[in-house]
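> Here it is, the structure, as structure tokens.
The values are calculated or read from the model by the stated rules, or taken from the named source; none is laboratory data. Here the structure is a predicted model, which means the values were calculated and not measured. Positions of Cβ are backbone-derived with ideal geometry, glycine not excepted, and every protein chain shown enters the neighbour counts.
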Amino acid sequence: MVGLCMALLAAGVQAAEEQDAQQGVLPFSDQPDTHERKQEPLFPLLGDKARERGRELPPAFGVMVLTNWMDSDWKFTKATVGISDNPGVELDAAQNATMDLQVKTNGVKADLWVLPFLDVMAGFGNVDVDAQLGLRDIPLDINTRGDAIVPMNFSGNYYSFGGVVAGAYQRLYAACDFSWLKTHLDGDASLSSDGFWTFTAAPKIGYNAGLSQVYVGARYISKNENFRGTVALPNGNDMSFDVNVETKSWAGNFGIRTVMRQHWELLMESSIGQRYQITGGVGYRW
């Protein structure tokens, strides 16, 4: 009998150990617990503190495919033209020169939320530019003046880096994204071999509905460029030009960003006012 009792006791202990190995029981409760606890991700740092306060954070790593279109009028700060071997003639740039510029970009961006309030990002892609330079009352010949339209096309690549600083109060939040972008272009005019640097910053305020945000704000762009080249005129002469242009610094913008099923990310943003701009993106986070 003793042997039978010892065997039953041993079997009970073994069964209990197997049950504990598979599924434990919370102390003072009949609710099951598991030995395989979910490990908190490394990034964002201090993310556990934010979750303890009820903040819902998206996955820290992300990759997004982006497309952007911008149409803007540019202000001339300097314009010089010349005919054949004649020296350049200074123009009243504000009165005698106009430029319409359309820029299309397609690229990839990767980002990482290092802290719950700080995101860092880097990207690269290609650029296509359609420009139309309008020159009025310029020397078309030795003794002839008139107007000329100079269409130009450029293509090249860009790379960028920047970040986002954000903060929230209940469902409201404020953020500012900023980036530096360098562009290398080749086309119908001579451009700087070093490329162009562009700085942008976009402060915004919005409503945070979990993993979706709607926002309004403004976008600042610090951009000026120099175009140099030669174009054939209808009368057979070659006209050289050297112009400096800049665009308006600020334009209003609004957009929406959402993370679906914890991983897929969608972005749609538009700028209005001094510049017209549409940005769309599809990404994946993990």
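> Restricting the search to region 99-144, which residues are closer than 23 Å to residue 187 by Cβ, among the hydrophobic types (A, V, I, L, M, F, W, C) and surrounded by 17 or more Cβ atoms within 10 Å (Cβ to Cβ)?
99, 101, 103, 127, 129, 131, 133, 135, 138
> Hey, another quick one. Looking at residue 279, is it closer than 12 Å to residue 211 by Cβ and assigned to a strand (DSSP E or B)?
Spelling it out, it is not the case that residue 279 is closer than 12 Å to residue 211 by Cβ and assigned to a strand (DSSP E or B).
> Moving to a separate point now. I'd like to check something: does region 150-173 contain any residue that is modelled with pLDDT under 85 and touching an Asp or Glu at 6+ places or on another chain (Cβ under 7 Å)?
Yes, because at least one residue in region 150-173 is modelled with pLDDT under 85 and touching an Asp or Glu at 6+ places or on another chain (Cβ under 7 Å).
> Quick check on my filter: what residues within region 101-155 are part of a strand (DSSP E or B) and among the polar types (S, T, N, Q)? Steps first, answer last, please.
Narrowing region 101-155 to residues part of a strand (DSSP E or B): 101-115, 118-139, 145-155.
Within region 101-155, 102, 105, 106, 126, 132, 153, 155 meet the criteria.
> So which residues in region 222-255 are surrounded by fewer than 16 Cβ atoms within 10 Å (Cβ to Cβ), part of a strand (DSSP E or B) and of a type outside the set (Lys, Arg)?
Matches in region 222-255: 222, 224, 226, 230, 232, 238, 246, 250, 252.
> Which condition number does residue 171 fail, the rest of (1) farther than 19 Å from residue 128 by Cβ; (2) in contact (Cβ under 8 Å) with a residue 60 or more places away in the chain; (3) over 15 Å from the mean Cα position of the chain (by Cα); (4) surrounded by fewer than 18 Cβ atoms within 10 Å (Cβ to Cβ) being met?
Exception for residue 171: condition (2).
> Which condition number in (1) buried (at least 17 other Cβ atoms within 10 Å of the Cβ); (2) at pLDDT 95 or above is the one that residue 176 fails?
(1)
> Filter region 81-106 down to residues that are farther than 22 Å from residue 224 by Cα, modelled with pLDDT of 70 or more and of a type outside the set (A, V, I, L, M, F, W, C), then give me how many there are.
Going through region 81-106 one residue at a time, the tally reaches 1.
> Can I ask one more? Which pairs have Cβ atoms under 6 Å, sit 6 or more apart or on different chains, and link a residue in region 174-188 that is free of Cβ contacts under 8 Å to residues at least 60 places away in the same chain and among the β-branched types (Val, Ile, Thr) to one that is part of a strand (DSSP E or B) and surrounded by 17 or more Cβ atoms within 10 Å (Cβ to Cβ)?
Matching pairs, first to second residue: 183/127; 183/158; 183/196.
> Might you let me know whether region 173-196 holds any residue that is within 30 Å of residue 89 (Cα to Cα), assigned by TED's automatic domain parsing to the domain that holds residue 59, part of a strand (DSSP E or B) and among the hydroxyl-bearing types (Ser, Thr, Tyr)?
yes
> Can I ask one more? Does region 23-35 include one or more residues that are outside any strand (DSSP E or B) and at pLDDT 85 or above?
Checked against the condition, which is being outside any strand (DSSP E or B) and at pLDDT 85 or above, region 23-35 yields no hits at all.
> Can you pull out the residues in region 123-143 that are more than 16 Å from residue 241 (Cα to Cα) and not hydrophobic (A, V, I, L, M, F, W, C)?
123, 125, 126, 128, 130, 143
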